1. Only one residue in Gly55, Gly4 is surrounded by 15 or more Cβ atoms within 10 Å (Cβ to Cβ), part of a loop (DSSP other than H, G, I, E, B) and on the phi < 0 side of the Ramachandran plot. Which one?
2. Let me spell it out: the conditions are (1) within 22 Å of Val2 (Cβ to Cβ); (2) loosely packed, with under 14 Cβ neighbours inside 10 Å, and Asp27 meets all of them except one. Which number is the exception?
3. Among the listed residues Lys39, Lys50, Lys29, which satisfies the condition of being in contact with a His (Cβ under 8 Å, 6 or more places away or on another chain) and farther than 11 Å from Ile95 by Cα?
4. Quickly run through segment 33-45 and pick out the residues that are surrounded by fewer than 12 Cβ atoms within 10 Å (Cβ to Cβ) and at pLDDT 90 or above.
5. Find the residue count for segment 73-84, including only residues that are at pLDDT below 95 and within 10 Å of the chain's Cα centre (by Cα).
6. When you scan segment 58-81, how many residues do you find that are surrounded by fewer than 22 Cβ atoms within 10 Å (Cβ to Cβ) and touching a strand residue (DSSP E or B) at 6+ places or on another chain (Cβ under 7 Å)?
7. I'm told Gln92 meets every condition in (1) surrounded by 18 or more Cβ atoms within 10 Å (Cβ to Cβ); (2) at pLDDT 95 or above; (3) not in a strand (DSSP E or B) except one. Can you identify the failing condition by its number?
8. Which ones in segment 48-82 are out of contact with any Leu (no Cβ under 7 Å at 6 or more places or on another chain) and among the polar types (S, T, N, Q)?
Amino acid sequence: MVSGTAERPRLCVFKSNIHMYAQLIDDGKNKILASASDKETKTGKNPQEKAFETGKLIAEKAKGKKIAKAVFDRGGYAYHGKVKALAEGARQGGIEF
């Protein structure tokens, strides 16, 4: 099981049939530090583009809370498609896994 701390929170990914969600979680305090979803993004035409923008959005929110490193929790999903796009967007936004 992947676990996050205050210094290195867990970036948890969840995807439904329609939307993609990401959360930064401090498991030590059982607290969500930041969250983002593709509902908040304005750009992206296909699901992978929306997932990439969601990754960049969670990275922006992490920077606002001075979080530079995270542990990536793909939630049992295979690392391809939307999950991979979200991870790449978060990396481009400045989060280090």
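The values are calculated or read from the model by the stated rules, or taken from the named source; none is laboratory data. Only a predicted model underlies this, so the values are computations on that prediction, with no experimental measurement involved. Neighbour counts run over all protein chains shown; Cβ positions are idealised from the backbone, glycine included.
1. It is Gly4.
2. Checking Asp27 against (1) within 22 Å of Val2 (Cβ to Cβ); (2) loosely packed, with under 14 Cβ neighbours inside 10 Å, the one that fails is (2).
3. On the way: Lys50 fails: in contact with a His (Cβ under 8 Å, 6 or more places away or on another chain); Lys29 fails: in contact with a His (Cβ under 8 Å, 6 or more places away or on another chain).
Testing whether each residue is in contact with a His (Cβ under 8 Å, 6 or more places away or on another chain) and farther than 11 Å from Ile95 by Cα leaves just Lys39.
4. Lys39
5. Looking only at that region, the number is 2.
6. Qualifying residue count, segment 58-81: 10.
7. (1)
8. Gln48
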